[in-house]
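The values are calculated or read from the model by the stated rules, or taken from the named source; none is laboratory data. Since the structure is predicted, the reported quantities are computational estimates derived from the model, not experimental observations. Cβ: placed from backbone, ideal geometry, glycine included. Neighbour counts: every protein chain shown.
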Amino acid sequence: MNTNVAKDSLVGVQAQNIYAEDVEATVVHGDFNRYELGPDDPPEKEFGIGVAQLDDGTPHTALDTISRARARGLLNNSVRFHWLLAFFSGRTVHQLDEHEVRRLQLAQEWIQPEGDDEWAEGLRTIENLLNNPGDRACAAKEIETLPDVPRRKILRHLELLLEGASRDALWEATAAQARADQFANDRTERVWKFFEADPVRPRPAPMEPGPARIALVKAAAACALFTSGAGYLAWIALRTQPWSAILPILAVALGVFAYASGTADWRIHRTRPDVRAAQYRYRPRTEVELLPELTRVGFTRQIDRYFAQYFREHMPADADASHWSSRTAAVRRKMRNDIVRQYRESRVSAERLRWLVEFRAEDVARRYRDGTLPGYAKRFRAITALALLLLGGVLLAFGGGLLIWLAVSGEPLRGLVAVLCALGSGVLAARWGIRVAVDKRLVAAENAEAVAQFARDLVEYRRWNDVLRDRPTDPEMAAWLDCDRKLLITAALERYKLLPSQVIAHAVLEAKAESSRRRARMRRGTWRYERYSVRVFLLTHDGVRQVAAEIDLARATRRTRQRANYRFDAIASVQVTETDARGQIFELTLINGDPIKEEVVASEVPDEDHLDADIARELTLDSAGLNNTLHVLEGIAAEGKEWARQRSRGTYRNDALRSLFGSAEG
C-alpha cells in the first residue's frame, strides 16, 4: 500500500489556557430565536427561516425547511433558486445518490423560472452553466453579469456542481470572491466579540446594616451613666472651687472627645486595613473557607476561576506576586462573595459576569498602584489616631486628676461616689460606645465605597456594551468561515496540482480544534468555535488527497497540520461515536495508520435547555459537513475504487442536471 503522510509542525501556535482549569468558555446569545416558527405563521416566514439556515451554513436543514414552505403552496423564483442552492450546496454531481437524482427529476415540474427578477436571472444562469459544461468563457461571462446577491450565493454553494471547464471557471471565481470577502466588514476587529457574552447590568451592593439595636442600647446607657457621673463630679468641683474647676472640666471634655476619636480611628486602622470583618483577613487559598451558602457548584466555581485568572493577569508589572496576593486577597474575597450573593439565584450565567470580574480586577490594580486600596483606607491614618490618643490621654490625666482632687477635697463622700460612678461607667462607655462608633463609621465608609463602586461598574457596563454593539451576526460568522474553507480547498488543489474538474467528489469536515477555548452560538443556532480543525478530502481517480489545517477564526489565519494521500483501499473504517455528554466524535481509521479523530460537536452545556441543545446539535452537525463526509468515506470504505468508478460513470446524473430546466430529455 502506498501511503505518504507529511506533517508540518505548529511552531509557536499553542493556545494559551487562560483558565485556572481546562474549561471551555461557552456563550449562548439572546432570547430571540430567529428560527422559531409559530403554528399560524405563513409559509413566507418558513421560507425566510430556510434562507437564513442556508446563509448560516446548514444546507440540509435549509432544504427541509424550504421544501416544507413549498409544500404549503409557496412557489416563486426565490423559492426555486434557494431550493436548488440548498440541494446542491458543497457537492459535486457525482455525490448524488439515486434517491436524490429521482428527487431532482421530479423538480422539473416546478423549477422553471418565471419573469425577469434577479432570482430568475440566477436560475437561468444555473441552466446555462449546466447546458455548457465545457465552455469556460461562457461560464465566466454568465457569472460576471449576474446581480451581486445571486452571484455570491451561486459562488458560495455551487462551486463544484458543474463539470469540465465550467467547473474550473466557477471555482476560479469562487476562490477570487473568497479572497475578497475573507477580511470583509472588519472581520479581525469583530469576530472576537461573537464569543463575548451579553453583559448583565451591574447591581448595587446591598447597604450594610448599622450596629445591632442591643449594642446601641448598651452604648447609650453606658454613655448616659458616664455623663451623669462626670457631670455630678464637675458640679461638686464647681460648687466648692468654681474658678479652679473650669480649666480641668474643659480639659476632661476635650480629652474624652480626642481619646474616643483616636481610639476609634486606631481600631479601624488595626482591624480593617483592607476590608471590614475579621473573616476576610488574608489566609492562603487552601485555608480560606467560602461562606457555606456560596458554594454552589458550577456558577460559583466559574466565578472563582475568573477572579483567579484576572487578578493574575492584571497584577501590576512592578508588584511582587506574594505581596499582591496577600494585599488583595481580602478585597478579592469580599468582591467574589458579593457577586455570588447578588446573582446566584437569578439564573445569570457566569460568562455574562466575566466583564464585571475583569473590570473589578483592573480597578483594584489601578488603586493598588495609586496607593488608594481600599478607597477609604487613607481616611483613617495611624499617625492621626495616635496623636489624638496621646492628646486625649494627656488631657484626661491632667484634667481628670485635677477635677477629682477638687471634688474629693471639697466634699469627700459625695466626691468619692461621683468618682466611682464616673470611672465605672466611663470604662463601659469606652468599650461599648467606641465599638458602636467604629461600626457606624465603617458601615458608612463601606456603603460609600459600594455606591462609588456601583457608579464605576455602571460606567464600565455602558462602555462595554458600546464595544460589543457591532458584534457580528451568525450569517457573517458563517460567511467568513466559508471563505476560509474555500481557500483551504484552493490550497489543497494547488498543493496536489489538481483542477477542480479532476475531483470526483470532495468532503470538508469542520470540528472544534483542540486549542479552542471558546465557543458561542445564537439561541437554537450553530455552535461557532474560536478555532477550527478543518479536514479536506479530495477524491480523484488516483485516490484520496487529504489536507488538515487549524483555522483561527478571529485572526483569519491558517496553519497546515497534516497532508496525506492514500489509495481508496487504505480506508479501513469510518464512524461517529457519541460521548457521555452527547458530543460527536468523528473517527477515520486507515489500514496502516493511527485513527484520525475530530470532535465535531462539543459536549452539552450543563443545565442547558435540552430542546435548544438538540436543535443546536443538529445544526452544528449539518454545518460541519459530517453527513456528506460520512456519505463519501463510507462509500469508499465499503466499495473502494469501485465507488469512485461508479460515480464518475454516472452519466444519468448529468442527464438529470441538463434536463432539469427542460433543455434535454431526462
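Give the residue that is farthest from the chain's Cα centre (by Cα), with candidates limited to residues of the range 622-647 that are surrounded by fewer than 20 Cβ atoms within 10 Å (Cβ to Cβ) and under 22 Å from Asp482 (Cβ atoms). If we take residues in the range 622-647 being surrounded by fewer than 20 Cβ atoms within 10 Å (Cβ to Cβ) and under 22 Å from Asp482 (Cβ atoms), then His631 is farthest from the chain's Cα centre (by Cα). Can you find a residue in the range 315-326 that is of a type in the set (A, V, I, L, M), outside any helix (DSSP H, G or I) and in contact (Cβ under 8 Å) with a residue 60 or more places away in the chain? No, the conditions are met nowhere in the range 315-326. With respect to Asp457, is the statement that it is under 30 Å from Leu619 (Cβ atoms), surrounded by 15 or more Cβ atoms within 10 Å (Cβ to Cβ) and among the acidic types (Asp, Glu) true? Considered against the rule, which asks whether it is under 30 Å from Leu619 (Cβ atoms), surrounded by 15 or more Cβ atoms within 10 Å (Cβ to Cβ) and among the acidic types (Asp, Glu), Asp457 comes out as no.
Quick test for you: out of Ala205, Ala219, pick the one residue that is at pLDDT below 90, farther than 30 Å from Ala137 by Cβ and in contact with an Asp or Glu (Cβ under 6 Å, 6 or more places away or on another chain). Walk me through it before giving the result.
Working: Ala219 fails: in contact with an Asp or Glu (Cβ under 6 Å, 6 or more places away or on another chain).
Going through Ala205, Ala219 in turn, the sole match is Ala205.
Answer yes if at least one residue in the range 117-128 is at pLDDT 85 or above, closer than 26 Å to Ala624 by Cα and surrounded by 22 or more Cβ atoms within 10 Å (Cβ to Cβ), and no otherwise. No: the range 117-128 contains no residue that is at pLDDT 85 or above, closer than 26 Å to Ala624 by Cα and surrounded by 22 or more Cβ atoms within 10 Å (Cβ to Cβ). If you go through the range 310-369 and keep only what is hydroxyl-bearing (Ser, Thr, Tyr) and either modelled with pLDDT under 90 or out of contact with any helix residue (DSSP H, G or I) (no Cβ under 7 Å at 6 or more places or on another chain) (or both), you end up with Ser322, Ser325, Ser326, Thr328, Tyr343, Ser346, Ser349, Tyr368. Within the range 497-518, being under 39 Å from the mean Cα position of the chain (by Cα) and under 11 Å from Val536 (Cβ atoms) holds for His506, Ala507, Val508, Leu509, Glu510. When Ala71, Ala62 are checked against the criterion of being more than 35 Å from the chain's Cα centre (by Cα) and in the same structural domain as His157 (by TED's automatic domain parsing), Ala71 stands alone in meeting it.
Using the structure shown, decide if Arg567 is at pLDDT 75 or above, over 30 Å from Arg179 (Cβ atoms) and basic (Lys, Arg). Yes; evaluated as a whole, the condition is true for this residue.
Inside the range 307-333, can you point out the residues that are over 16 Å from Leu353 (Cβ atoms) and crowded, with 17+ Cβ neighbours inside 10 Å? Walk me through it before giving the result.
Quick first cut of the range 307-333, residues over 16 Å from Leu353 (Cβ atoms) only: 312-331, 333.
Hits for the range 307-333 are His314, Met315, Trp324, Ser325, Arg327, Thr328, Ala329, Ala330, Val331, Arg333.
Applying the criterion of at least 2 residues that are among the hydrophobic types (A, V, I, L, M, F, W, C) to the strands (runs of 3 or more DSSP E) found wholly in the range 510-598 leaves 518-522, 531-540, 543-552, 571-578, 584-590.
Out of all the residues in the range 194-216, is one or more under 30 Å from Glu411 (Cα atoms) and of a type outside the set (A, V, I, L, M)? It would help to see each step written out before you state the result.
The initial filter retains those residues of the range 194-216 that are under 30 Å from Glu411 (Cα atoms), namely none.
No, there is no match, as no residue in the range 194-216 is under 30 Å from Glu411 (Cα atoms) and of a type outside the set (A, V, I, L, M).
Out of all the residues in the range 612-619, is one or more part of a strand (DSSP E or B) and modelled with pLDDT of 75 or more? Checking the range 612-619: not a single residue is part of a strand (DSSP E or B) and modelled with pLDDT of 75 or more. Quick check: is even one residue across the range 279-301 farther than 30 Å from Leu390 by Cβ, modelled with pLDDT of 85 or more, within 22 Å of the chain's Cα centre (by Cα) and assigned to a helix (DSSP H, G or I)? Looking for residues that are farther than 30 Å from Leu390 by Cβ, modelled with pLDDT of 85 or more, within 22 Å of the chain's Cα centre (by Cα) and assigned to a helix (DSSP H, G or I), one finds at least one in the range 279-301, hence yes. Can you say whether Ala178 is within 30 Å of Arg518 (Cα to Cα) and either assigned by TED's automatic domain parsing to the domain that holds Ala71 or more than 42 Å from the chain's Cα centre (by Cα) (or both), as far as the supplied structure shows? Yes. Entry remark, the range 222-241: residues being within 60 Å of the chain's Cα centre (by Cα) and either on the phi > 0 side of the Ramachandran plot or surrounded by 18 or more Cβ atoms within 10 Å (Cβ to Cβ) (or both) number 2 in total.
Checking the structure you have, find out if any residue of the range 556-572 is of a type outside the set (S, T, N, Q) and under 17 Å from Asp622 (Cα atoms).
Step one: list which residues in the range 556-572 are of a type outside the set (S, T, N, Q), which gives 556, 558-559, 561, 563-564, 566-572.
From the residues that got through so far, the ones that are under 17 Å from Asp622 (Cα atoms) too are none.
No, there is no match, as no residue in the range 556-572 is of a type outside the set (S, T, N, Q) and under 17 Å from Asp622 (Cα atoms).
Output yes when any residue across the range 477-485 is surrounded by 19 or more Cβ atoms within 10 Å (Cβ to Cβ), closer than 24 Å to Pro211 by Cβ and among the acidic types (Asp, Glu), and no when none is. No, that holds for no residue. Of all residues in the range 80-103, one or more are among the basic types (Lys, Arg), outside any loop (DSSP other than H, G, I, E, B) and touching a residue at least 40 places away in the same chain (Cβ under 8 Å). Is it the case that Arg517 is surrounded by fewer than 18 Cβ atoms within 10 Å (Cβ to Cβ) and of a type in the set (Lys, Arg)? Spelling it out, it is not the case that Arg517 is surrounded by fewer than 18 Cβ atoms within 10 Å (Cβ to Cβ) and of a type in the set (Lys, Arg). Between a residue in the range 200-216 that is closer than 15 Å to Leu353 by Cα and any residue that is at pLDDT below 75 and assigned to a loop (DSSP other than H, G, I, E, B), which pairs come within a Cβ distance under 6 Å, given they are 6 or more apart or on different chains? From the range 200-216, no pairs qualify. Taking the conditions (1) in a helix (DSSP H, G or I); (2) crowded, with 17+ Cβ neighbours inside 10 Å in turn, Arg152 satisfies each one other than (2). In the range 46-64, the residues that are within 15 Å of Ile615 (Cβ to Cβ) form Cβ pairs under 8 Å with partners that are aliphatic (A, V, I, L, M) and assigned to a loop (DSSP other than H, G, I, E, B), at six or more places apart or across chains, as follows: Ile49/Leu37.
Say we look at the range 64-85 and pick out the residues that are surrounded by 23 or more Cβ atoms within 10 Å (Cβ to Cβ) and of a type in the set (A, V, I, L, M, F, W, C); which of these is farthest from Glu510 (Cα to Cα)? Checked the range 64-85; the qualifying residue farthest from Glu510 (Cα to Cα) is Ala69.
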